[in-house]
Amino acid sequence: MAQEQIQEQRLTQEQRLAQTITQQQLLQAQLIELPITQLMERVTTEMDDNPALEVSTEDPVAEEFQEHLETSEGAEGAEDDYEREERQSALDAALESLGRDDEDLPIYQGGHSIQEAREDMVYGQSQSFYDQLNEQMNMTELSDEERNIMEYLIGSLDDDGLLRKPLHSIADELAIYHNLDVTEQQIEQVLMQLQEFDPAGVGARSLQECLLLQIARREPSHLKDLMTQTVENYFELFTKKHWKRLQQVLQLTDLQGEMLIKELRKLNPKPGNAMGEVVGRSIQQITPDFIIDTQDDGTVTFSLNTGDIPELHVSQSFTDTLNEYQTNKEHMSRQMKEALLYTKKKVDAAQGFIEAIRVRRHTLTITMRAIIQWQHRFFEDGDEASLRPMILRDIAEKTGLALSTVSRVSNSKYAQTRWGTFPLRYFFSDGYRTAEGEELSTREIKTALRDIIDTEDKQKPLSDDALKELLAEKGYPIARRTVAKYREQMGIPVARLRR
């Protein structure tokens, strides 16, 4: 007798926890990440787009801000023309240099050439581009193996921030010189993390990848999709500047084509040079987001820089219209219902934006308060050696904020102190735990190490073992291999090369 096959269907219930982000949460995250100068631009744009969002007439800066709104359109046109010309020069030069050496090309950032840049020092000590990348690495959770790969990748970058050395060559060099046996796939995984660092485009292996990395960080929009499609699928048309042909294949109107080209020309072909020779030499004046004041008795207070951003409120006329429509909605015509939907959409957007501004202010306040509490000694004496080990997770736990939120607050923001103006990332550093369980700041150790090397007899430079002993005498009992690691991170050669 043939066996019967019985198929049985069962209905089961399964509980799953899924997290989705709302539009309001996305808006809050975006505003938290913006420094004060960009926030002011965002407020201007939002008020232009939403007639339900108004400036409070009781705000003392309202009149000045309103004048700014009225004049910004004309000024923006002139600035766009200038920026378009400068960006076009930089990007065109990069496109024309494909396949040949481009060391002599001018470098641009924000519409200005580095050669014409003001060389104002904006905070305590200068940092090289590589130092800044190393600081970002120190705030990234990596295994020891991944950290070694990351350090080598950073050291392999060209001055413009691109990685032109093949991954198989890097794998061979790591195996030969560092006794680190890793695959190209492992190196690529670490490289993808490096490509998330600032400035956008760093770690790219070609101009095409560099531009795509920058486009990927833009907010979702149809224009972003067109930019991606252009660089990804029509790169040859783009590099040869066949704009009309590009417009045809993308089926764009003249206006859309012009807007696409304008945005593409804002991309930076050399992200490494965007930092200038050192971080701290700035193309434009740094506007601090926090003003920190230290009294003679050691009391530290701070305030948020609100710039020219006024108090915002929802237009009373829109509110009254909404109430009127809702009262009579049972007898509404189709046209009135459409007007109701439009009015409600604008009022909701205005309320959401005002709430997002409030959340940003609160988030920045509690984050800065926690940083000051953690690094209070530094704000008292301004000595870099006074900075305690502090990572993003420390502040996240102290404030109750998400790790990603603390990261957004710390990105692209500056604090003005009695001792200079510093990027918020300056206050973060890894720690080194001694055998006795004492935690020391890696920045503090590196400062002591540099002081020792700066004062050594250049005829008889100190070996890593000798440096280890002198650091131990100063209260930094670290291993010789750690001395060598920190020395390499600071770009200091071995003893025989320091003569």
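The values are calculated or read from the model by the stated rules, or taken from the named source; none is laboratory data. Computed from a predicted structure; not experimentally measured. Glycine gets a Cβ as well: all are built from the backbone with ideal geometry, and neighbour counts include every protein chain shown. Quick note on the areas: whole protein, heavy atoms, side chains included, nothing else; ligands and nucleic acids left out. Shrake-Rupley method; radii C 1.70, N 1.55, O 1.52, S 1.80 Å.
Structure notes:
- Between ILE366 and LYS224, the modelled label-to-label distance comes to 2.7 nm, taking each label 7 Å out from Cα in the direction of the beta carbon.
- In the context of the full protein assembly, HIS362 retains an accessible surface of approximately 100 Å², using a probe radius of 1.4 Å and ignoring ligands and nucleic acids.
- Computed extension length for ARG499-THR306: 64.3 nm, one decimal, from 0.36 nm per residue of separation with the Cα-Cα distance subtracted.
- Around ASP297: net Lys/Arg minus Asp/Glu count, Cβ-Cβ under 15 Å: -2
- Note on segment 142-193: along the principal axes its Cα atoms extend 28, 22, 16 Å, ordered by decreasing extent.
- The 1.4 Å probe gives accessible areas that order MET150, MET336, largest first, as MET336, MET150.
- Once all protein chains are placed together, TRP419 keeps about 90 Å² accessible to a 1.4 angstrom probe.
- Figure note: ARG361, ARG496 ranked by solvent-accessible area, largest first, 1.4 Å probe, ligands and nucleic acids not counted: ARG496, ARG361.
- At the residue level, ASP160 shows approximately 10 square angstrom of accessible surface with a 1.4 angstrom probe and all protein chains present.
- Environment charge at GLY203 (Cβ cut-off 12 Å; Lys +1, Arg +1, Asp -1, Glu -1): -3
- Whole-number D in µm² s⁻¹ for segment 379-499, Kirkwood Cα-pair radius fed into Stokes-Einstein, 20 °C, 1.002 mPa s: 133 µm²/s
- Heavy-atom accessible area order for TYR177, TYR130, largest first, 1.4 Å probe: TYR177, TYR130
- Legend: calculated FRET efficiency, GLN373 to ASN323, from the Cβ-Cβ distance at R0 = 51 Å, rounded to 0.05, equals 0.65.
- Taking each residue as 0.36 nm, the span from ASN233 to LYS266 lengthens on full extension beyond its C-alpha to C-alpha distance by 10.0 nm.
- For the pair ASP49 and GLU145 in one chain, pulling the backbone fully straight at 0.36 nm per residue adds 29.6 nm over the alpha carbon distance.
- Applying 1/(1 + (r/R0)^6) with R0 = 30 Å to the Cβ-Cβ distance of HIS242 and ALA216 gives a FRET efficiency near 0.80.
- Legend: residue pairs LYS266/LYS346; LYS344/LYS413; LYS224/LYS244; LYS240/LYS266, Cα-Cα distance threshold 28 Å; pairs beyond threshold, LYS266/LYS346; LYS344/LYS413.
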